[in-house]
Amino acid sequence: MRFRDLYEEVVAQVPEPPVRFELLRTLINQRHHGVGEIETKAISYPVRNHQAHFVELGKDRTSPYEEEFVIAEIRYCDGLDEYPNERRFALTKELMHVFDTEEEKTNTRARFVQLMTEIQNTPLPQHASAMYQSETATKWMAAIILCPKPIRQKVLEPYRKGELKEAEVASRLQLPRAFIPDIMDDYYDRAFETLMAK
């Protein structure tokens, strides 16, 4: 399954918002080659935050004759449970890491430290690793899959005319308000075309 396939499945099944995380996870668990199971797990942190991360726990197979598949987990701060729209966006963004290439995966301690350093320093585009670039790509994948074009189209014109405010669009789409300017911007179409080709 490519991102495009997941998107087309969502458009076919979800005519009105919200696009549920559970649907996305089920589709990927059932249809994405090499992925067998993805679970979510809330973690209590000493200081609450809005973080989540995708972790490959290992590989398994149903029999010695079958191909291996990945077992993964999305761990998130339990503080997100108080903000369902942010939790859904964070979980979906992390779920999109199933589409990462080998060079985009943060699957060792050294690679994780490298990514954290890049996130801290915000490198110039020519210095950014594939892992860092994947963080931006997964944000856009989450935005596009949670607000597919047919759903976006229903709120785009009223938003641009000022008939709908950011908070109203966020409420209708059940998305964090912080992402509404990005989703309603013309760049959405450019990101869409790029990700559909991935």
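A compact table of results
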quantity: Region 187-198 residues that are under 14 Å from residue 4 (Cα atoms), paired with ones that are in a loop (DSSP other than H, G, I, E, B) (beta carbon under 8 Å, 6 or more apart); calculated: 198/2
quantity: Within region 132-153, tally of residues that are in a helix (DSSP H, G or I) and touching a residue at least 40 places away in the same chain (Cβ under 8 Å); calculated: 13
quantity: Pairs with Cβ under 8 Å, 6+ apart, first in region 77-105 and of a type in the set (S, T, N, Q), second at pLDDT 95 or above and in a strand (DSSP E or B); calculated: none
quantity: Filter result (modelled with pLDDT under 95 and in contact with a strand residue (DSSP E or B) (Cβ under 8 Å, 6 or more places away or on another chain)) within region 33-42; calculated: 34, 35, 36, 37, 38, 39
quantity: Given (1) in contact (Cβ under 8 Å) with a residue 12 or more places away in the chain; (2) closer than 21 Å to residue 141 by Cα, number of the condition residue 43 does not satisfy; calculated: (2)
quantity: Residues satisfying the stated conditions in region 56-86, i.e. among the β-branched types (Val, Ile, Thr) and farther than 23 Å from residue 176 by Cβ; calculated: 62, 70, 71
quantity: Count of region 46-69 residues which are of a type outside the set (S, T, N, Q), free of Cβ contacts under 8 Å to residues at least 40 places away in the same chain, surrounded by 11 or more Cβ atoms within 10 Å (Cβ to Cβ) and under 26 Å from residue 86 (Cβ atoms); calculated: 3
quantity: Qualifying residue in region 12-32 (condition: within 23 Å of residue 174 (Cβ to Cβ), among the hydrophobic types (A, V, I, L, M, F, W, C), exposed (fewer than 14 other Cβ atoms within 10 Å of the Cβ) and modelled with pLDDT of 85 or more); calculated: yes
quantity: Flag for residue 137 being of a type outside the set (Val, Ile, Thr) and crowded, with 16+ Cβ neighbours inside 10 Å; calculated: yes
quantity: Top-ranked residue in region 121-134 [being of a type in the set (S, T, N, Q) and loosely packed, with under 13 Cβ neighbours inside 10 Å; ranked as farthest from residue 20 (Cα to Cα)]; calculated: 126
quantity: Residue match in region 55-62 (condition: modelled with pLDDT under 95, under 28 Å from residue 197 (Cα atoms), under 19 Å from the mean Cα position of the chain (by Cα) and of a type outside the set (Lys, Arg)); calculated: yes
quantity: The lone exception for residue 36 - which of (1) within 19 Å of residue 106 (Cβ to Cβ); (2) surrounded by 12 or more Cβ atoms within 10 Å (Cβ to Cβ); (3) small (Gly, Ala, Ser) it fails; calculated: (1)
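The values are calculated or read from the model by the stated rules, or taken from the named source; none is laboratory data. Just so it is clear, the model here is predicted, and its values are computed rather than measured. When we count neighbours, we look across all protein chains shown, and the Cβ atoms used for this are built from the backbone with ideal geometry, even at glycine.
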